[in-house]
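Right, one structure below, let's go through it.
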Amino acid sequence: MSLKDAATAVRHNAYAPYSNFKVGAALRSKGGAIYTGVNVENVAYPEGTCAEAGAIAAMIADGETEIAEAFVIADSPFPVSPCGGCRQKLAEFSGPEAKVTLATTAGLEQTVTIADLLPGAFTAAYMEPTE
Ligand code: THU
């Protein structure tokens with residue numbers, strides 16, 4: 001199955017009664033498996049989680065830690081843009097050149113890299129002591 005088909009299919013299971021904005025995400029790990037996630041909202045709004053976070057959690061639970069490629073889709077006028085927190089979460093498990101395709105259910109797509117989404121990412125390299 002393609003990442004697009006996986007993200008498109010799983011999006012229908014999103015739990016988004018408050019925003020009515022369903023998001024589907026699919027990741028391919030370096031090992032080749034596909035992991036999917038949806039946004040899961042909560043009546044206590046800040047407790048909701050994004051689709052990307054769900055897909056990452058599924059990948060980590062399966063023992064994989066490297067994202068080769070990602071796909072995110074929503075019913076949006078423009079290809080859906082991962083939020084700031086999800087950019088950081090994706091960067092944790094991706095190289096800067098990993099491709100992320102942003103998509104709409106109407107068929108618009110934009111493919112960017114992790115470095116495009118999160119220039120100047122904070123990485124573990126910043127935590128090297130200098131003294
Ligand atoms: N949302 C995602 O799942 N991923 C994103 O990258 C952007 C936003 C969700 C969170 C919330 O449930 C809804 O979209 C509206 O913000």
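Details
- Only beta bridges with both residues in the chain are counted; by DSSP, about 70 percent of them are antiparallel.
- Near the amide H of Asp75, within less than 5 Å, lie the amide hydrogens of Lys22, Thr105, all on another chain or at least 5 residues away, with H placed in the peptide plane.
- Built amide H within the under 5 Å cut-off of Asn13, gap 5+: none
- Summary of packing: across the peptides 47-53, 2-8, the per-residue average of other C-beta atoms within 10 Å ranks them, highest first, as 47-53, 2-8.
- Projected label distance in nm at Lys4 and Asp62, using a 7 Å step from Cα toward the beta-carbon: 2.1 nm
- The stretch 103-128 and the stretch 9-83 have their alpha-carbon centroids 15 Å apart.
- For the chain, Kirkwood radius (reciprocal of mean inverse C-alpha pair distance, Å): 14.9 Å
- Using θ = phi - 60° in the Karplus curve 6.51 cos²θ - 1.76 cosθ + 1.60, the 3J(HN,Hα) couplings for the stretch 25-40 round to 10, 9, 10, 10, 7, 4, x, x, 7, 10, 10, 10, x, 9, 6, 10 Hz; x is entered for Gly and Pro.
- Using the Cβ of Ser2 as centre and a radius below 11 Å, the other residues enclosed give a net charge of 0, where K and R count +1 and D and E count -1.
- Heavy-atom accessible surface of the stretch 1-98: percent carbon and sulfur, 1.4 Å: 55 percent
- Relative contact order for the stretch 3-122: 21 percent, from Cα pairs under 8 Å spaced at least 6 residues apart, divided by residue count.
- Ordering Ala70, Thr105, Ala44 by Cα displacement along the dipole of the stretch 3-122 toward the positive end leaves Thr105 in first place; charges were set at the Cβ atoms of Lys, Arg (+1) and Asp, Glu (-1).
- For the stretch 20-121, the solvent-accessible area works out to 49 Å² per residue, with a probe of 1.4 Å and every protein chain left in place.
- Phi angles across the stretch 92-109 convert, under the Karplus curve 6.51 cos²θ - 1.76 cosθ + 1.60 with θ = phi - 60°, into 3J(HN,Hα) values of 4, 10, 10, x, x, 8, 4, 8, 10, 9, 9, 9, 10, 5, 7, x, 6, 9 Hz, Gly and Pro given as x.
The values are calculated or read from the model by the stated rules, or taken from the named source; none is laboratory data. This is a predicted model, so every value here is computed, not measured. A quick note on method: Cβ atoms are made from the backbone with ideal geometry, for glycine too, and the neighbour counts reach across all protein chains shown. Areas reflect the complete protein model, heavy atoms only, side chains present, ligands, DNA and RNA absent. Shrake-Rupley method; radii C 1.70, N 1.55, O 1.52, S 1.80 Å.
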